[in-house]
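Sharing a structure, written as structure tokens. Questions coming.
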Amino acid sequence: MSAKSVFLYDTTLRDGTQGEGFQLSGLDKLRIAERLDAFGVDYIEGGWPGSNPKDVEFFQEAKKLELKHAKLAAFGSTRRANTPVEEDPQVALLLAAETPVVTIFGKSWEMQVTEVLRTTVEENRAMIHDTVAYLVKHGREVVYDAEHFFDGYKDSPEHALAAIEAAAQGGASCLVLCDTNGGTLPSEVEEICAAVKARIPNTPFGIHTHNDCELAVANAVAAVKAGGTQVQGTINGYGERTGNCNLTSVIPILQLKMGIEVVPQLDKLQDLSYFVDDVSNNPHFARAPFVGRTAFAHKGGMHVNAVQKLARSYEHIVPESVGNARNILVSELSGQSNILLKAERLGIPLEKGSKEASAILKNVKELENEGYSFEAAGGSLEILIRRELGQYTKPFDLTEYHTSFRQYRDGHPPVCEATVKLAVNGTPELTVAEGHGVVNALDLALRKALLPFYPEIAEVSLVDYKVRILDGHDATAAKTRVLIVSTDGHRNWGTVGVSDNIIEASWLALVDGIDLFLQRRKAAN
């Protein structure tokens, strides 16, 4: 018997996929299941075999998975009203999935029983008991999800308790109390969970919460405090409406704040979070607690100075404990500590109080006042620091560049063209390129001009391009900020350009991106 006191039940592959914009192929689900198992999740709910062909196929392929820790669960409902359990085709499909665990849901709210199922309270209890007992008889561990339990309890405590009591009598291994509508408060959860434990002391209970009031994690914690032994949720909180209990938040709370060990390698948490986002083709939520890019970001100069002296003065946990890292932002709010830490990470020695540090800080604040932002443009900041310290060699001299866009009336496709004229060590180069847009054409022309002198830039490509209009009240004359993210296949870096001309802003960001690559190559050699 495991010594764990709280077990993690992941329903990303089932409940998570009910969320808008979160879709997984059969292969995606298999990959995520393997990753969840490696992370140390105890139960993985794979889907509902009776609901769609994709889930039927998933369970066929899942039989080949060599899970080392997690138990795979098939999800379904109780038998239909007035139908013998052995004749219910949906129940048969649950057994056919051949998973060691089957999770079924049933009604706890009397209103749902009489108005939605259109059956009697007595028949509902029989449906719950019969289905659980039948699955247990066939060698399955049965988790019972009590749908709408908290709403049902608040309407009629006796009815809700009697419903889950039927599951316990049928042999369920865990009674999971569901806040299906997501409207229950933590104080209510703790009180109702205590009533469940008093009424049914010999069957463990768990919690399944939704985030409609931004309380899913808090409600899960409240249930554990009341004696709950299973927490259900999804990675990154994906799910129907506003989502489910976010496991990437509740896991570190349980382990770091409450001292309940639930996974062996908590420092893999951010990797898991990003993996699920990437596989589902969703952007990472930068402000996510624990795993977000800004979860341990410090911007104000006084804060950075304090963190540098004593990290816990502005950090509630060690960032590395969840696989994250401290991020020092540089902006108009910065002090010298921000600049010093950034320079240190770049391997550039810089002394506090030095004229170089003061000059860099002054330059940053002036540029921020013009509309620059270095928070996501560390590449441009690095160029700025290198220039101020005399560690910069200009790679080329620009003579001129020109862009054009021609629209034809005879059906000929539009043409975007850019011309770049520059010199490298006194040697002139003139190139012309066509692209899918003006900025793309400019990028191609610049690379074409530099390749004869710096063939290594063939390794560099653009992975993101963002435009933000500053001071929008100036309409089409407004200042524009362009952020470009470049990569060499191993490392990404952001660069920024600002101008009242979007092409000029793009050019500045493009040049910094290639410039930084060349500066780093030179420094490495």
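Identify all residues within region 116-171 that are assigned to a loop (DSSP other than H, G, I, E, B) and either outside the structural domain of Glu188 (by TED's automatic domain parsing) or surrounded by fewer than 18 Cβ atoms within 10 Å (Cβ to Cβ) (or both); write none if there are none.
Listed by number, the residues that qualify are Leu117, Arg118, Thr119, Thr120, His138, Gly139, Ser156.
Moving to a separate point now. Filter region 172-216 down to the residues that are within 17 Å of Asp151 (Cβ to Cβ) and either in a helix (DSSP H, G or I) or in contact with a Pro (Cβ under 7 Å, 6 or more places away or on another chain) (or both) and list them by number.
Pro186, Ser187, Glu188, Val189, Glu190, Glu191, Ile192, Cys193, Ala195, Val196, Leu215, Ala216 - these are the residues of region 172-216 that are within 17 Å of Asp151 (Cβ to Cβ) and either in a helix (DSSP H, G or I) or in contact with a Pro (Cβ under 7 Å, 6 or more places away or on another chain) (or both).
Kindly evaluate Phe58 against the criterion of being of a type in the set (A, V, I, L, M, F, W, C), in contact with a Lys or Arg (Cβ under 7 Å, 6 or more places away or on another chain) and over 19 Å from Thr103 (Cα atoms).
no
From the set of residues in region 25-37 that are at pLDDT below 95 and within 15 Å of the chain's Cα centre (by Cα), which is farthest from Gly47 (Cα to Cα)?
Arg35
Taking region 399-426 on its own, how many of its residues are under 18 Å from Leu444 (Cα atoms) and without any contact (Cβ under 8 Å) to a residue 40 or more places away in the chain?
Going through region 399-426 one residue at a time, the tally reaches 17.
Please find, within region 209-230, the residue that is surrounded by the fewest Cβ atoms within 10 Å (Cβ to Cβ) out of those that are farther than 13 Å from Cys193 by Cα and among the aliphatic types (A, V, I, L, M).
Filtering region 209-230 for residues that are farther than 13 Å from Cys193 by Cα and among the aliphatic types (A, V, I, L, M), the one surrounded by the fewest Cβ atoms within 10 Å (Cβ to Cβ) comes out as Ala218.
When the residues of region 220-272 are filtered to those that are among the polar types (S, T, N, Q), assigned by TED's automatic domain parsing to the domain that holds Thr11 and in a helix (DSSP H, G or I), which remaining residue is farthest from the chain's Cα centre (by Cα)?
Result: Gln255.
Taking the conditions exactly as written (surrounded by 14 or more Cβ atoms within 10 Å (Cβ to Cβ), assigned to a loop (DSSP other than H, G, I, E, B), at pLDDT 90 or above and touching a Gly at 6+ places or on another chain (Cβ under 6 Å)), does Arg14 satisfy them or not?
Answer is yes for this residue.
With respect to Phe275, is the statement that it is out of contact with any Gly (no Cβ under 6 Å at 6 or more places or on another chain), at pLDDT 90 or above and not assigned by TED's automatic domain parsing to the domain that holds Gln18 true?
Here the answer is no, as Phe275 does not meet what is asked.
Have a look at Val142, Val217, Val176, Val136 and point out the one that is among the β-branched types (Val, Ile, Thr), modelled with pLDDT of 95 or more, touching a helix residue (DSSP H, G or I) at 6+ places or on another chain (Cβ under 6 Å) and closer than 25 Å to Ala96 by Cβ.
Testing whether each residue is among the β-branched types (Val, Ile, Thr), modelled with pLDDT of 95 or more, touching a helix residue (DSSP H, G or I) at 6+ places or on another chain (Cβ under 6 Å) and closer than 25 Å to Ala96 by Cβ leaves just Val142.
Quick check on region 456-497: of everything there that is at pLDDT 85 or above and in a helix (DSSP H, G or I), which residue is farthest from Gly437 (Cα to Cα)?
Restricting to residues being at pLDDT 85 or above and in a helix (DSSP H, G or I), the top hit is Glu456.
Name the pairs whose Cβ atoms lie under 6 Å apart, with the first residue in region 360-375 and more than 15 Å from Leu483 (Cβ to Cβ), the second among the acidic types (Asp, Glu) and modelled with pLDDT of 80 or more, and 6 or more positions between them or separate chains?
Ile360/Glu388
Considering only residues that are assigned to a loop (DSSP other than H, G, I, E, B) and surrounded by 13 or more Cβ atoms within 10 Å (Cβ to Cβ), look in region 440-455 and name the one that is farthest from the chain's Cα centre (by Cα).
In this case the residue turns out to be Phe453.
Go through (1) in contact with a helix residue (DSSP H, G or I) (Cβ under 9 Å, 6 or more places away or on another chain); (2) surrounded by fewer than 20 Cβ atoms within 10 Å (Cβ to Cβ); (3) touching a residue at least 40 places away in the same chain (Cβ under 8 Å); (4) charged (D, E, K, R) and name the single condition Arg79 misses.
(2)
Sticking with this structure for a sec: With out of contact with any Cys (no Cβ under 6 Å at 6 or more places or on another chain), under 18 Å from Leu516 (Cα atoms), crowded, with 17+ Cβ neighbours inside 10 Å and not polar (S, T, N, Q) as the only criterion, which of Val420, Val364 stands out?
After applying the criteria, what remains is Val364.
Separate question: Taking Leu93 as meeting all but one of (1) surrounded by fewer than 21 Cβ atoms within 10 Å (Cβ to Cβ); (2) assigned to a loop (DSSP other than H, G, I, E, B), write down the number of the exception.
All conditions pass for Leu93, except number (2).
Another question about this same structure. Is at least one residue of region 25-32 in contact (Cβ under 8 Å) with a residue 40 or more places away in the chain, in the same structural domain as Phe105 (by TED's automatic domain parsing), in a helix (DSSP H, G or I) and surrounded by fewer than 17 Cβ atoms within 10 Å (Cβ to Cβ)?
Checking region 25-32: at least one residue is in contact (Cβ under 8 Å) with a residue 40 or more places away in the chain, in the same structural domain as Phe105 (by TED's automatic domain parsing), in a helix (DSSP H, G or I) and surrounded by fewer than 17 Cβ atoms within 10 Å (Cβ to Cβ).
Here's something else I'd like to know. Out of Val56, Val85, Val113, I need the residue that is surrounded by 15 or more Cβ atoms within 10 Å (Cβ to Cβ), in contact with a Phe, Trp or Tyr (Cβ under 8 Å, 6 or more places away or on another chain) and of a type in the set (Val, Ile, Thr). Which one?
Val85
Test of understanding: among Thr119, Thr103, Thr114, which residue is among the polar types (S, T, N, Q) and at pLDDT 95 or above?
Every option except Thr103 fails the conditions.
I would also like to ask the following. Taking the condition assigned by TED's automatic domain parsing to the domain that holds Ile32, under 19 Å from the mean Cα position of the chain (by Cα), of a type in the set (Asp, Glu) and under 30 Å from Ala325 (Cα atoms), does Glu214 pass?
yes
Looking at region 83-92, is at least one residue β-branched (Val, Ile, Thr) and under 20 Å from Cys174 (Cα atoms)?
Checked against the condition, which is being β-branched (Val, Ile, Thr) and under 20 Å from Cys174 (Cα atoms), region 83-92 yields at least one hit.
The values are calculated or read from the model by the stated rules, or taken from the named source; none is laboratory data. No experiment lies behind these values; they were computed from the predicted model shown. So basically every Cβ, Gly included, is an ideal-geometry build from the backbone, and we count neighbours across all protein chains shown.
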